[in-house]
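**Student:** Take this structure first; my questions come after.
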């Protein structure tokens with residue numbers, strides 16, 4: 001769910017994910033202690049929305065690691081009604097291939113009959129046990145990065161290398177707080193002061209990232225890592241949605257030379273472009289969030305060319 005949270009004293013507060021089990025190569029406990037789920041081909045299934053930046057992370061990992069033949073996927077309709085994400089006919093959306101559900105909340109109830117939390121994407125489902133393994137994107141991408149390497153076409157690709165983990169974790173935090181979640185904190189704020197704080201933190205961090213990328217090509221080290229993909233899914237939506245819809249209108253992404261070139265470079269990584277569905281992205285935000293856009297009208301623009309060459313002279 002792209003608006004998973006609630007507003008407290010004017011500030012948007014994101015809800016903590018409910019299912020936090022781990023898949024490991026041998027079923028041993030994961031980093032948080034939960035385990036018992038063993039990596040196997042054709043055992044696990046992803047429920048995603050092309051619109052959602054959190055789910056988008058998992059689609060990128062699935063394709064980059066070469067797991068499309070290992071982990072199947074179902075895609076919800078981009079419009080999210082009050083009842084929950086829905087499976088309905090729409091270009092590039094699918095049926096629920098595994099459980100035959102009409103609404104995603106039915107999948108949650110199948111995993112836990114007493115579930116009464118927020119229904120969000122992505123969801124990683126175990127076909128064997130018929131339950132949800134995990135619905136926290138930051139944990140799902142780490143499982144996809146390493147747990148399935150014995151079945152992955154690109155097993156040598158490591159987006160969370162041990163030598164860089166401390167740096168990746170350190171930069172992930174301000175990016176999550178102020179950018180990934182920051183656009184939502186601005187967009188769903190219900191007081192001027194809450195909006196102002198979120199807005200200022202967002203653009204202070206974007207300015208810092210612009211300066212950071214003036215002297216190095218990627219966020220951490222000299223290779224693309226998890227940190228880059230976590231930032232990318234917000235940046236690729238910024239000018240089309242967040243700039244107007246969430247009132248984050250100080251500067252457009254294309255006005256940041258380094259961030260704009262960096263976003264285009266990531267977009268042009270082979271197979272990434274097919275995970276970006278701007279029709280689903282725009283339709284979801286503008287048509288679903290009636291508290292922000294009461295008419296539900298989806299703007300036709302802007303024209304954004306992510307295929308412009310991306311070479312940066314200084315890095």
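**Student:** Report, by residue number, each residue of region 59-74 that is outside any loop (DSSP other than H, G, I, E, B) and in contact (Cβ under 8 Å) with a residue 60 or more places away in the chain. If you could, list the steps in order and put the result at the bottom.
**Tutor:** Taking region 59-74 and keeping what is outside any loop (DSSP other than H, G, I, E, B), we get 59-64, 72-74.
Listed by number, the residues that qualify are 59, 60, 61, 62, 63, 64.
**Student:** Restricting attention to region 252-290, which residues are free of Cβ contacts under 8 Å to residues at least 12 places away in the same chain and either farther than 21 Å from residue 202 by Cβ or surrounded by fewer than 16 Cβ atoms within 10 Å (Cβ to Cβ) (or both)?
**Tutor:** Going through region 252-290, the residues free of Cβ contacts under 8 Å to residues at least 12 places away in the same chain turn out to be 255, 260, 270, 290.
Correct list: 255, 270, 290.
**Student:** Within region 106-126, how many residues are touching a strand residue (DSSP E or B) at 6+ places or on another chain (Cβ under 6 Å) and assigned to a loop (DSSP other than H, G, I, E, B)?
**Tutor:** Of the residues in that region, 2 qualify.
**Student:** Taking into account only those residues within region 130-141 that are outside any helix (DSSP H, G or I) and touching a residue at least 60 places away in the same chain (Cβ under 8 Å), which is farthest from residue 161 (Cα to Cα)? Write out each step before concluding.
**Tutor:** First, the residues of region 130-141 that are outside any helix (DSSP H, G or I): 130-136.
With the extra rule that they be touching a residue at least 60 places away in the same chain (Cβ under 8 Å), the set shrinks to 132-136.
Details: 132: 27, 133: 24, 134: 22, 135: 23, 136: 20 Å.
Checking each candidate, the answer is 132.
**Student:** Considering 64, 79, which residue is farther than 22 Å from residue 180 by Cβ, surrounded by fewer than 24 Cβ atoms within 10 Å (Cβ to Cβ), in the same structural domain as residue 122 (by TED's automatic domain parsing) and in contact with a helix residue (DSSP H, G or I) (Cβ under 9 Å, 6 or more places away or on another chain)? Full working, then the answer.
**Tutor:** Working: 64 fails: farther than 22 Å from residue 180 by Cβ.
After applying the criteria, what remains is 79.
**Student:** Also, I was wondering about something else. Any residue in region 285-306 that is in a helix (DSSP H, G or I) and either in contact with a helix residue (DSSP H, G or I) (Cβ under 9 Å, 6 or more places away or on another chain) or in the same structural domain as residue 217 (by TED's automatic domain parsing) (or both)?
**Tutor:** In the first step, residues of region 285-306 are kept if they are in a helix (DSSP H, G or I); the result is 285-288.
Checking the rest, the ones that are also either in contact with a helix residue (DSSP H, G or I) (Cβ under 9 Å, 6 or more places away or on another chain) or in the same structural domain as residue 217 (by TED's automatic domain parsing) (or both) come to 285-286.
Yes; the residues of region 285-306 include at least one that is in a helix (DSSP H, G or I) and either in contact with a helix residue (DSSP H, G or I) (Cβ under 9 Å, 6 or more places away or on another chain) or in the same structural domain as residue 217 (by TED's automatic domain parsing) (or both).
**Student:** Sticking with this one: In region 183-233, how many are within 17 Å of the chain's Cα centre (by Cα) and closer than 16 Å to residue 168 by Cβ?
**Tutor:** Selection size over region 183-233: 10.
**Student:** Related question: Do we have residue 250 as at negative phi, touching a helix residue (DSSP H, G or I) at 6+ places or on another chain (Cβ under 8 Å) and either part of a loop (DSSP other than H, G, I, E, B) or at pLDDT below 95 (or both) here?
**Tutor:** Details: at negative phi: yes; touching a helix residue (DSSP H, G or I) at 6+ places or on another chain (Cβ under 8 Å): yes; either part of a loop (DSSP other than H, G, I, E, B) or at pLDDT below 95 (or both): yes.
It is true that residue 250 is at negative phi, touching a helix residue (DSSP H, G or I) at 6+ places or on another chain (Cβ under 8 Å) and either part of a loop (DSSP other than H, G, I, E, B) or at pLDDT below 95 (or both).
**Student:** Related question: Which residues, taken from region 20-37, are surrounded by 18 or more Cβ atoms within 10 Å (Cβ to Cβ) and either at pLDDT below 75 or touching a helix residue (DSSP H, G or I) at 6+ places or on another chain (Cβ under 7 Å) (or both)?
**Tutor:** 22, 23 - these are the residues of region 20-37 that are surrounded by 18 or more Cβ atoms within 10 Å (Cβ to Cβ) and either at pLDDT below 75 or touching a helix residue (DSSP H, G or I) at 6+ places or on another chain (Cβ under 7 Å) (or both).
The values are calculated or read from the model by the stated rules, or taken from the named source; none is laboratory data. All values reported here derive from a predicted model rather than from experimental measurement. Positions of Cβ are backbone-derived with ideal geometry, glycine not excepted, and every protein chain shown enters the neighbour counts.
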